[in-house]
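One structure is given here, and the rest of the page talks about it.
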Amino acid sequence: MRRKSLSEVTIAIVGATGNVGLAFLKILEERCVPFENITALASAQSAGKILAYQGKSLPVHNLETFDFSHTDIGLFSPGAAVSAVYAPKAAAQGCLVMDNTSYFRMDPAIPLIVPEINAAALLRDTEPRRRRDAGRSWGGIIANPNCSTIQMVMALHPIDLISPLQRVSVATYQSVSGGGKGAVDELYAQTAGDPTVAHLPKTMAYNVIPQIDVFLEDGQTKEEWKMVAETQKILGKPLKISATCVRVPVVCGHSEAIHFELADDVPLETLRQALRAFPGVRVADSFATYDTPLDIAGSDDVFVSRLRKDAAIENGYQMWVVADNVRKGAALNAVQIAETFLALGLKK
Ligand SMILES: NC(=O)c1ccc[n+]([C@@H]2O[C@H](COP(=O)([O-])OP(=O)(O)OC[C@H]3O[C@@H](n4cnc5c(N)ncnc54)[C@H](OP(=O)(O)O)[C@@H]3O)[C@@H](O)[C@H]2O)c1
């Protein structure tokens, strides 16, 4: 049977008025997915609003009353509590759901996918015969990892293939767009001198905040825990890893200082070549050139620079990794999962 492309399926964007939802629309537009195939969904308060798609007016519908039985693919980013209710409902109506929220990511029955790294898990977890053989069930939902996890594993995986990672320690510098449109508005308002718009844990303008998401009992934040648990699930091994996640007054683009230890002493040029050869990763030309969020916002790739030895530890290395959190960190990765699913000829 002929395999379908993204342009031949019907797609609902759930959370279409948000940061990730608008990025979904832009990416589908870039891929020339026909206007007729797209439905925009959001909360009841947005129903009737008009979004732009291919120069035409795309009306927003209410998620609560939407019937997914004629929708092939649902690109979900309405927040975890909303996905918890509506992703299973859509899947039960026959829609394949790509969920961007944290709700399903660590469910063992649900694939957590970065296509360049573990597309094989998509086959293993969703293909009916293999599922039966493994005694697994799958409800039709695929999870998209956290934005900071995606760009970190994209940079670590090609290195892990050269010499197994022994330990990873990461400090993040995460933009406000990772916190949704409300956090972006908050930064703009505070920067313009209005301190009354304040929902983040501390003032964001001219500051940095070492808290993203809630605190867990062991002192980590949930964002830090997600980076650890999701990385282990994607790489398929219990890698030793620790994270400090920090919100910074940047609108778009997350940065990460990653320290890692390998099993072997590998020349830097070998690591650079492995990273250069990996799809979706770009490496700075020299040790003195590097990327910042402003340089790469709007790009699809993950940018690695400042790769160097860490003199403080045997077989230790450091690197600086920057990516657009709304594209590769969210909407683009989910679209790539859908494209991979269709290209593999998989069925829900
Ligand atoms: N931004 C990122 O970099 C990023 C990366 C990875 C994952 N994520 C995850 O993706 C999700 C959305 O992020 P975002 O940045 O797009 O947030 P956002 O800008 O705040 O947008 C949230 C979207 O969800 C919709 N929504 C809220 N409540 C709803 C309801 N009850 N029913 C239907 N729709 C509802 C909103 O619609 P209304 O306009 O009608 O309220 C809006 O379209 C979050 O779970 C986030 O953790 C975000």
Legend entry - Matching residues in the stretch 213-232 - criterion: being in contact with a strand residue (DSSP E or B) (Cβ under 7 Å, 6 or more places away or on another chain) and buried (at least 22 other Cβ atoms within 10 Å of the Cβ): GLU223, GLU224, MET227, GLU230, THR231
Inset, instruction - Just need a number here: residues in the stretch 154-175 that are within 16 Å of the ligand (Cβ to nearest atom) and crowded, with 24+ Cβ neighbours inside 10 Å. - result: 4
Inset, instruction - Could you list, in sequence order, all residues of the stretch 1-38 that are in a loop (DSSP other than H, G, I, E, B), within 19 Å of the chain's Cα centre (by Cα) and among the aliphatic types (A, V, I, L, M)? - result: ALA16
Inset, instruction - For the stretch 43-61, indicate whether the set of residues that are closer than 21 Å to ASN333 by Cα and either of a type in the set (A, V, I, L, M, F, W, C) or exposed (fewer than 13 other Cβ atoms within 10 Å of the Cβ) (or both) is non-empty. - result: no
Inset, instruction - Would you check which residues across the stretch 69-97 are aliphatic (A, V, I, L, M) and within 11 Å of the ligand (Cβ to nearest atom) and list them? - result: LEU75, ALA80, ALA81, VAL82, ALA84, VAL85
Inset, instruction - Could you pull out the residue among ALA338, ALA288, ALA334, ALA274 that is closer than 30 Å to SER177 by Cα and either in a strand (DSSP E or B) or not assigned by TED's automatic domain parsing to the domain that holds ILE11 (or both)? - result: ALA288
Inset, instruction - Only residues that are within 25 Å of SER5 (Cβ to Cβ) and either in contact (Cβ under 8 Å) with a residue 12 or more places away in the chain or touching a Lys or Arg at 6+ places or on another chain (Cβ under 9 Å) (or both): list them for the stretch 31-51, please. - result: ARG31, CYS32, VAL33, PRO34, PHE35, ASN37, ILE38, THR39, ALA40, LEU41, LEU51
Legend entry - helices (runs of 4 or more DSSP H) wholly inside the stretch 41-155 that include at least 2 residues being among the β-branched types (Val, Ile, Thr) and either under 14 Å from the mean Cα position of the chain (by Cα) or modelled with pLDDT of 95 or more (or both): 80-92
Inset, instruction - Kindly indicate whether any position in the stretch 23-37 is of a type outside the set (Gly, Ala, Ser) and near the ligand (Cβ under 8 Å from one of its atoms). - result: no
Legend entry - Verdict on THR191 being surrounded by fewer than 15 Cβ atoms within 10 Å (Cβ to Cβ) and either under 17 Å from VAL304 (Cα atoms) or away from the ligand (no atom under 13 Å from the Cβ) (or both): yes
Legend entry - Any chance ALA109 is hydrophobic (A, V, I, L, M, F, W, C), over 16 Å from ALA12 (Cα atoms), within 11 Å of the ligand (Cβ to nearest atom) and not assigned by TED's automatic domain parsing to the domain that holds ASP301: no
Legend entry - Single unsatisfied condition, ARG276 versus (1) in contact with a strand residue (DSSP E or B) (Cβ under 8 Å, 6 or more places away or on another chain); (2) among the basic types (Lys, Arg); (3) touching a residue at least 24 places away in the same chain (Cβ under 8 Å): (3)
Inset, instruction - Could you check how many residues of the stretch 226-242 are among the hydroxyl-bearing types (Ser, Thr, Tyr) and assigned to a helix (DSSP H, G or I)? - result: 1
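The values are calculated or read from the model by the stated rules, or taken from the named source; none is laboratory data. Remember, it's a predicted structure, so these values are computed and weren't measured experimentally. For neighbour counting, all protein chains shown are included, and Cβ atoms are generated from backbone atoms with ideal geometry for every residue, glycine included.
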